[in-house]
Amino acid sequence: MSNLLEQAKIAAQQLNWSLVNHYLQQFISESKSNKTTSTFPNDNVPLDEVIDLGIEVLENGDFQEKWDINKLFKQIGKPAISPLIEILKDREIDLEERWFVTRILAEFNSEEVIEVMGNIIVSSEAEDLQEIAAETLANFGESGVELLTDLLAKPESRLLAMKALAKINCIRIIPVLLTVVKDENDEVRIAAISALTNYSDSRIPIVLISALKDTVAKVRKAAVIGLAGYANLHQELGLVKLLQPLLWDINFEVSQQAAIALGKIGTNSAATALFELLKTATVPVFFKIDAVRGLGWMETKLSLEYLQNLLGYNFLVEDNFHAQIVNEIITALGKLEKSELKAQATDILIEFIVSGNSSLESVYVKKSLALALGYLGNIHALDYLIQLLEDEDNSVRLHSVAAMKQLDSEKAYQRLISLSQEATLNSQLKTGIEIAIAEMNKFNKIGNRE
């Protein structure tokens, strides 16, 4: 082992810092595994020399060599803390070296390290060091809460402390967060409200409701996200009435979150609010898609009626955008989980197919129809899926076949065989049926092999 340490010293003289790191790590590993020593570290291992060599790498190595030396100090453990802290305190030392030292110390959750990280945050240090120090305290979890709470009280360290506290998942920080929800610093408020959305506590909803009126959009957005987590208390909190105006917020990110929250609440009044939004011509397409998804999540008879109404609605947008919204409605209907609503959804989609709506010219709308009907699993959709085989786009035909397999593969196959023998078939449908039969045969052969 001593030979390894000597080799490390020689490598240091040669300024080969990568090799120094290699020998030192091998030396420490062998020291730990040596059966003649019961504990590590011990008097037989000259850690001072190892640490000094490791610090030389930090002083002189390139970026990668400095990065790699972290593993050595982690192996050494507690004895490395004090020497590293001394480097960190010395402002005459190169900033990059101190940055690496800060990163290395982040591995050690100890009172000494917590104290030095706090000192970095409140001092006029480089911003990079302050951010690592705050991140370190956040990673220490509950150990760092007390110090971060103290730092929160100081204007110069409040924002960094708040950002660090926001990353700690611990109910102890709830009262601390509540003290800064109306802070004059926008970023502090954003971080505090966003962090509170991770907890369920009786003190939080009233704070989130108040934040809905904040002048900063990110605060309002965070508040809406948080209130969505209290959907089960929508009646007591009057959430629909509070959130509906935010559908028309000047910031679309806030509006989108309001639509998502109303979808989670799922009441008839929430559904009506989204329906009215969808009928408004000036609302952007991307936002309407969020509103459609919200209606789909509700899975109520009224939300289905609204989706049905919207399938035939003129959204006063360009054709490709109209098809995009229609496609989203079809997808929402096809994702229903409640068995008692699946028959109603199937009827809505079949009615749409026979309506001759201009959106049916879109290939991706037809493919979505096939997928939705297949997922809903109602055999009554079979003849309408067969109609899609007449489409000239082969991907539409294959989607239709895949849906038939989901409904009832055997019934679909027999129906296709029967139709293929009819002389009155037009050529395009005949071709589609032939393709479907061939796909069904492949499917059956694979099934038989299994």
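The values are calculated or read from the model by the stated rules, or taken from the named source; none is laboratory data. Source: prediction; values computed, not measured. Glycine also receives a Cβ, built like all others from the backbone with ideal geometry; neighbour counts cover every protein chain displayed. Each accessible area value is taken on the protein alone, full model and side chains, heavy atoms only, with ligands, DNA and RNA left out. Shrake-Rupley method; radii C 1.70, N 1.55, O 1.52, S 1.80 Å.
Computing P(r) over Cα pairs in 20 Å bins from 0, in percent directly from the structure and comparing it against [x] 22, 53, 25, 1; [y] 25, 58, 16, 0; [z] 20, 30, 27, 22, 2 singles out [z]. Short-range pairs are left out: with C-alpha atoms under 8 Å and at least six residues apart, the relative contact order of the chain is 6 percent. Compared with the dominant Cα axis of the chain, that is its longest principal axis, helix 142-152 is turned about 80°.
For the range 231-293, averaging the sequence separation of C-alpha pairs within contact (under 8 Å, six or more residues apart) and dividing by the residue count gives a relative contact order of 31 percent.
Both the radius of gyration and Dmax for the range 240-361 are 13.7, 40 Å, in that order, over alpha-carbon atoms.
Principal-axis analysis of the Cα atoms of the chain puts helix 217-228 at an angle of about 70° to the longest axis. Projecting the Cα atoms of Gln244, Ile69, Ile168 onto the charge dipole of the chain (Cβ charges, centred on the Cα centre) puts Gln244 farthest toward the positive pole.
Kirkwood's formula applied to the C-alpha pairs of the range 23-178 gives a hydrodynamic radius of 16.6 angstrom. Ligands, DNA and RNA left out, the 1.4 Å accessible surface of the chain is 48% carbon and sulfur atoms.
Provide the per residue accessible area, probe 1.4 Å, for the chain, rounded to a whole number of square angstrom. Let's see the in-between values first.
On the way: 22110 Å² over 450 residues.
Accessible area per residue, the chain: 49 Å².
Under the criterion of Cα pairs below 8 Å and six or more residues apart, the relative contact order for the range 108-221 equals 18 percent. Based on a Kirkwood Rh over C-alpha pairs, give the Stokes-Einstein translational diffusion coefficient of the range 316-393 at 20 °C and viscosity 1.002 mPa s in µm²/s. Estimated via Stokes-Einstein, D reaches 170 µm²/s.
Taken over the alpha carbons of the range 217-273 as equal point scatterers, the Debye sum produces base-10 log I(q)/I(0) values at 0.14, 0.22, 0.29 Å⁻¹ of -0.29, -0.72, -1.22.
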